[in-house]
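Derivation of every value follows stated rules applied to the coordinates shown; laboratory data play no part. Small disclaimer: the values here were computed from a predicted structure and weren't measured. In this analysis, Cβ positions are derived from the backbone assuming ideal geometry, glycine residues included, and neighbour counts consider all displayed protein chains.
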Amino acid sequence: MKWRKVVRILHRDFGYLAFGLTIIYAVSGIAVNHTSDWNPNYVISRDSLKIPPTRDSSLSKEEMVAYVITNLNEKDSVISSFKSSPMVVDIFFDGKSYKADLKTGRIKAEIVEDRAVIRQTNYLHLNAPKKIWTYVADAFAVILILLSVTGLFMIKGKKGITGRGKWLTVLGVLIPIIFLIIYF
Amino acid sequence: MKKTAFIFLALLLGVSLTFADGGKKYGKDLTLTKTTKVSEILENPEQYDGKKVLIEGTVVNVCKKAGCWIEIAGDKDYESITVKVNDGEIVFPADAKGKTAVVEGEVFSVVPKSEAGCKGEGGDKECGDKEKGEKSENHENCKDKQVKKETPQKKYLIKGIGAVIK
């Protein structure tokens, strides 16, 4: 078998194998590239609510929680709470929290929801599972190297690495170098 | 070929499930077994400065964008301590609020810029201008800030190494 045919077979089959992970890493790459603009894992929405204020500063944390959930007619189960100052209590539910100022009756509500699919891609991309996933990701990286090298030699002629391929390859290598010269 | 691919996938899934940790552990494994109360750290911070501790408490706040810090409630009302981690090394989930976290890390202190007397951005400039001769009410404020410069208010945090969020 000619070596170029072997290169094509390797590129084709590893290309199929790498498809899923490439999409995952690319989608997550875009998502985590913009962490200064958004949270790539969650949609966090905020709301303001109002309950009748109280001046009773002797309320315990449990009494404050009861006062808030009664006045809001809240049905969700409280998982925990925190009294951050004599008149302010944080109440936590599954995926939701209230910061209630009993003196003013103002409540800041925060709802946290998963960014479907993107959160899962980030979980894998940032190697949150660790352990065996580390080796899967390493294998994927090796496959990517293999794909890029075999990609250079798949075809010959004007459109191959000796033709316009060499200019595109040089351009691809120069882009990160230029950015490194400017920013590093 | 189909059979081989199926066996490979089944094997991969099986091994992954065996080793999966549920995604509730963050960073390195916890090595300490004895927890220190947050109130104890906050009452005697100098004693713990630079020391490794294990704390446990409710997560009352999380860094919204990068998950690079969490605030853990103390065992007493009004008390909490911030756990800061290196960006990207550990990413705390935004839905950790209200859950119980066990965190191992090293206590360290910082002097917040706004409380660092007249030093730092803004403060230094403001006092510098006033000291050029303007003896006004503002100058008195500046003098107050100079006093603060001598006794800056340190804030104690924990540099998180590992955590488990239940």
Using only Cα atoms, tell me the angle between helix A:3-32 and the longest principal axis of chain A; keep it within 0 to 90° and round to the nearest 10.
-> 20 degrees
Direction-averaged shadow area of the convex hull around the Cα atoms of region A:44-184, nm²?
-> 15.2 nm²
For region A:42-114, the dipole about the Cα centre with charges only on Cβ (Lys and Arg +1, Asp and Glu -1), to the nearest 20 debye, works out at 380 debye
Chain A: relative contact order as a whole-number percent, Cα under 8 Å and 6+ apart | 26 percent
The residues A:134, A:54, sorted from fewest to most surrounding Cβ atoms within 10 Å, come out as A:134, A:54
Förster-model FRET efficiency, 51 Å R0, residue B:110 and residue A:6, C-beta, rounded to 0.05 = 0.30
In whole Å, how far is the Cα centre of region A:153-184 from that of region A:29-64?
-> 48 Å
Folded to 0 to 90 degrees: helix A:61-72 orientation relative to chain A principal axis, Cα = 80 degrees
Region A:42-114, relative contact order in percent, only Cα pairs under 8 angstrom and at least six apart counted = 42 percent
Using the alpha-carbon atoms, what tilt in degrees (0 to 90, nearest 10) does helix A:132-152 show relative to the longest principal axis of chain A?
-> 40 degrees
Magnitude of the charge dipole, chain A, Cβ model with Lys/Arg +1 and Asp/Glu -1, debye to 20 | 1540 debye
Could you state the per residue volume, in Å³, of the convex hull enclosing the Cα atoms of region A:42-114?
-> 77 Å³
